[in-house]
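Report on the structure given below.
The values are calculated or read from the model by the stated rules, or taken from the named source; none is laboratory data. Everything numeric here is computed off the predicted structure, so don't read it as measured data. Reconstructed Cβ throughout: ideal geometry from the backbone, glycine too, with neighbour counts over all protein chains shown.
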Ligand code: GAL
């Protein structure tokens, strides 16, 4: 062999070796089902894709549009029942247990032990991520649902102060209406109606009542004078929404507040992701304030990815890398800065977060101490899907049909819950989650 050929071969092998160092030998593909398709949401999920790619893995995007995830969950069921689950899916709350019972989820204990998830996660969150004591899902964030978002200029124009009580809220809404501003940007989809309703119940009746009604499903709370007054307050809000609300997506509604066409929106802090993606700043351009009457309480909504059991070893590697990346503090920080939520793991620096997130973090901790931290019913944290759906349908019907009486709505809530509670076969439970 000529010496120049030998030199070229040595050089080629050195380059090949260097390439191998940069690309992990076990690079695989993860297919991830999620419903994060709005401006702020997609910006957030990009970070996860970027970090996985940096480890040599490929992200196969399985995005199913539709806020709140109803459509995504329907598509997931079809895929799993057909025996072809994605590597990971955005599944949260009690639904994780339902899927776990079907024995289709992967065990993430090795990743969890290595990264000390038990020490990093609040116990209430860790328990939700485990089935029979084994981790099957990784949490990405904590959203606070009981927020009211307000366009700062709309407040100024109408000479209003930030409302803290329902009376103040309705007086601001009245002034906005008089000034040609749509007071409340609403997206007429049942999950958005339910999102507003849970904040109204919390604000009108407090955390203890909320828990009795939506966690314990106590019929004497679901049908009570207190629930009646929450329903009436909820219905009053409708007068301040516009005729084009039916069917509107939540981020389109947020867009109306961003532009100042509308003044306020009841929505979880994923709405902040939209304000930020549009270049708006808290305090200067928009206000985040707890929904009236809910300042000392917190409805939590923790997003997470459950992992499905896979056979291909390279896909399993990529899946474990996804789980590990989700719990890395650099991911938790960047993702949550964009998403509007706060990191779920302890030990993430909060100094880069804005005042809405700082407030959320402080109240998440404080409300846990005073027992006013409650799971969001509308975002599937409090109940399995069949019960959530039963309540949501009544709330949406009540909102959309002015002829339905408060009494009728409450009777339907009680009977809907009783029906949804009836024991179902494990397969049916997951079908409905
Ligand atoms: C929630 C989810 C949030 C946000 C929202 C709107 O259920 O937890 O992360 O995506 O839906 O799509």
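Below are the figures for this structure:
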| quantity | calculated |
| --- | --- |
| The lone exception for residue 74 - which of (1) within 16 Å of the ligand (Cβ to nearest atom); (2) surrounded by 17 or more Cβ atoms within 10 Å (Cβ to Cβ) it fails | (2) |
| Unmet requirement for residue 373, which otherwise passes all of (1) out of contact with any helix residue (DSSP H, G or I) (no Cβ under 8 Å at 6 or more places or on another chain); (2) in contact (Cβ under 8 Å) with a residue 24 or more places away in the chain | (1) |
| Yes/no for residue 255 being surrounded by fewer than 24 Cβ atoms within 10 Å (Cβ to Cβ), away from the ligand (no atom under 16 Å from the Cβ) and either without any contact (Cβ under 8 Å) to a residue 40 or more places away in the chain or closer than 18 Å to residue 154 by Cα (or both) | no |
| Residue among 289, 316 that is away from the ligand (no atom under 16 Å from the Cβ), surrounded by 17 or more Cβ atoms within 10 Å (Cβ to Cβ), in a helix (DSSP H, G or I) and in contact (Cβ under 8 Å) with a residue 40 or more places away in the chain | 316 |
| Condition check for residue 391: in contact (Cβ under 8 Å) with a residue 40 or more places away in the chain, within 16 Å of the ligand (Cβ to nearest atom) and over 17 Å from the mean Cα position of the chain (by Cα) | yes |
| Test: residue 332 is buried (at least 20 other Cβ atoms within 10 Å of the Cβ) and in a helix (DSSP H, G or I) | yes |
| Any hit, region 263-271, residues being assigned to a strand (DSSP E or B) and within 15 Å of the chain's Cα centre (by Cα) | yes |
| Verdict on residue 300 being within 30 Å of residue 222 (Cβ to Cβ), within 17 Å of the chain's Cα centre (by Cα), in a strand (DSSP E or B) and within 16 Å of the ligand (Cβ to nearest atom) | yes |
| Residue within region 165-183 that is surrounded by 14 or more Cβ atoms within 10 Å (Cβ to Cβ), at negative phi and within 24 Å of the chain's Cα centre (by Cα) present | no |
| Selection within region 77-93 - within 20 Å of the chain's Cα centre (by Cα), farther than 12 Å from residue 307 by Cα and more than 14 Å from the ligand (Cβ to nearest atom) | 77 |
| Meets criteria (within 21 Å of the chain's Cα centre (by Cα) and more than 16 Å from the ligand (Cβ to nearest atom)) for residue 309 | no |
| Lone qualifier among 138, 112 - being modelled with pLDDT of 95 or more, within 15 Å of the ligand (Cβ to nearest atom) and under 22 Å from residue 348 (Cα atoms) | 138 |
